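The values are calculated or read from the model by the stated rules, or taken from the named source; none is laboratory data. Source: prediction; values computed, not measured. Positions of Cβ are backbone-derived with ideal geometry, glycine not excepted, and every protein chain shown enters the neighbour counts.
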Amino acid sequence: MALEFIPTVWAARLLVALQRSLVYGQANVCNRDYEGEIRASGNTVKIASVGDVTVDDYVTNDVIADPEILTDDDQSLLIDQAKYFNFFVDSVDRAQQNVNVLDEAMRRASWQLRDRADTFLATTMDAAVPSGNKIGSVATPIVPTKDDAYEYLVDLGVLLDEANAPIDGRFVVVPAWFHGLLLKDERFVKAGTRRSDIAIRNGEVGEAAGFTILKSNNVPNTAGEKYKIIAGHSIATTYVDQIVDVQTYKPEKRFGDAVKGLHVYGAKVVRPTCLAQLIADKE
């Protein structure tokens, strides 16, 4: 029996799986305001911004100054990441299976792409955090305990307050061990479990200190130390991605079916002051 394969259906399923499994790439961590149409790696999205407007004192019956010429600043978001998969299923192997081998292979391909994109986004955010918005450093990382881990979340919130970051919709992405410290603090347990009876986003483990708490194994770190715990708001980072091609084909010298797909994406931190960071080591 020939393999029935509809490329557009598979492409849609793959993209949905990828978006649902992202932590750093989900809507409450980064935005997709400039996604538009992406056709291939190497495309560029131009992001325009306008400088501040000067406000002067007005004096009755006096002339006002000539109109101010506003300055603008363009930022370029380059779609410079391109990852692909290409796998083969032998006809004999597939015939001996009672499960849908291709479906499982596509699911695994989706998870591999997710991991690459998630790591890329985490690294992009890490590199853009202003030095004044960091608690601890690579040279002298903070060593939080169950007694003060929650307080460091409060300190991250203060940094964002001082940077005029929006209050509603803030996030923080923590590693599993930091989440474990929070679970030993009554302040987090009381605040962070009140949504446990409803559906929550991927990776979300609660709410506390003004943040949606997300847990991820892709928190940037150096050999299991110096974890870069990033907090912020989704307006800080913009992310664009697209599954641009998925094809099924029959290799010339084999009996079976192969599937290949291409995922392109890019990200840019457009408002770095809306990110803050705690650099921390385990106890």
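Here are the criteria: (1) surrounded by 15 or more Cβ atoms within 10 Å (Cβ to Cβ); (2) modelled with pLDDT under 95; (3) of a type outside the set (K, R); (4) within 25 Å of Y150 (Cα to Cα). Tell me which single one T193 does not satisfy.
Of everything listed in (1) surrounded by 15 or more Cβ atoms within 10 Å (Cβ to Cβ); (2) modelled with pLDDT under 95; (3) of a type outside the set (K, R); (4) within 25 Å of Y150 (Cα to Cα), T193 misses just condition (1).
Any idea which of E252, E283 is free of Cβ contacts under 8 Å to residues at least 40 places away in the same chain and farther than 19 Å from A127 by Cα?
E252
Check whether at least one residue in the range 162-176 is outside any loop (DSSP other than H, G, I, E, B) and modelled with pLDDT under 95, and report yes or no.
Within the range 162-176, one or more residues are outside any loop (DSSP other than H, G, I, E, B) and modelled with pLDDT under 95.
Taking the range 51-97 as the region of interest, how many residues are of a type in the set (S, T, N, Q), modelled with pLDDT of 80 or more and surrounded by 10 or more Cβ atoms within 10 Å (Cβ to Cβ)?
Counting residues in the range 51-97 that are of a type in the set (S, T, N, Q), modelled with pLDDT of 80 or more and surrounded by 10 or more Cβ atoms within 10 Å (Cβ to Cβ) gives 4.
Any residue that is closer than 25 Å to A109 by Cβ and surrounded by fewer than 22 Cβ atoms within 10 Å (Cβ to Cβ) - is there at least one of those in the range 266-281? Walk me through it before giving the result.
In the first step, residues of the range 266-281 are kept if they are closer than 25 Å to A109 by Cβ; the result is 266-267.
From what is left, the residues that are surrounded by fewer than 22 Cβ atoms within 10 Å (Cβ to Cβ) are none.
No; the residues of the range 266-281 include none that is closer than 25 Å to A109 by Cβ and surrounded by fewer than 22 Cβ atoms within 10 Å (Cβ to Cβ).
Please specify each residue of the range 102-117 satisfying the condition of being modelled with pLDDT under 85 and surrounded by 13 or more Cβ atoms within 10 Å (Cβ to Cβ).
Across the range 102-117, the qualifying residues are L102, A105, M106, R107.
Starting from the range 156-177, take each residue that is touching a residue at least 12 places away in the same chain (Cβ under 8 Å) and list its partners that are of a type in the set (S, T, Y) and surrounded by 13 or more Cβ atoms within 10 Å (Cβ to Cβ), counting only C-beta distances under 6 angstrom and pairs at least six apart or across chains.
Sorted first by the residue in the range 156-177, then by its partner, the pairs are A163/T273; F171/T212; V173/S216; P175/Y227.
Return the pairs, sorted by first residue and then second, in which the second residue is in a loop (DSSP other than H, G, I, E, B) and surrounded by fewer than 10 Cβ atoms within 10 Å (Cβ to Cβ), the first residue lies in the range 44-57 and is touching a residue at least 12 places away in the same chain (Cβ under 8 Å), the beta carbons are less than 6 Å apart, and the residues are 6+ apart or on different chains.
Listed by first residue and then by second, the contacts come to G51/T71.
Out of the residues in the range 127-160 that are in a loop (DSSP other than H, G, I, E, B) and within 19 Å of the chain's Cα centre (by Cα), which is nearest to Q277 (Cα to Cα)?
Across the range 127-160, the extreme among qualifying residues is V129.
Would you please name the residue that is modelled with the highest pLDDT, looking only at residues in the range 196-214 that are out of contact with any Gly (no Cβ under 7 Å at 6 or more places or on another chain) and surrounded by fewer than 19 Cβ atoms within 10 Å (Cβ to Cβ)?
Per the stated criteria, the residue is E204.
I'd like the full set of residues that are surrounded by fewer than 21 Cβ atoms within 10 Å (Cβ to Cβ), hydroxyl-bearing (S, T, Y) and out of contact with any helix residue (DSSP H, G or I) (no Cβ under 9 Å at 6 or more places or on another chain), limited to the range 218-265.
Result: T222, Y249.
Restricting the search to the range 241-264, which residues are at pLDDT 90 or above and among the hydrophobic types (A, V, I, L, M, F, W, C)?
Residues satisfying the conditions are L262, V264.
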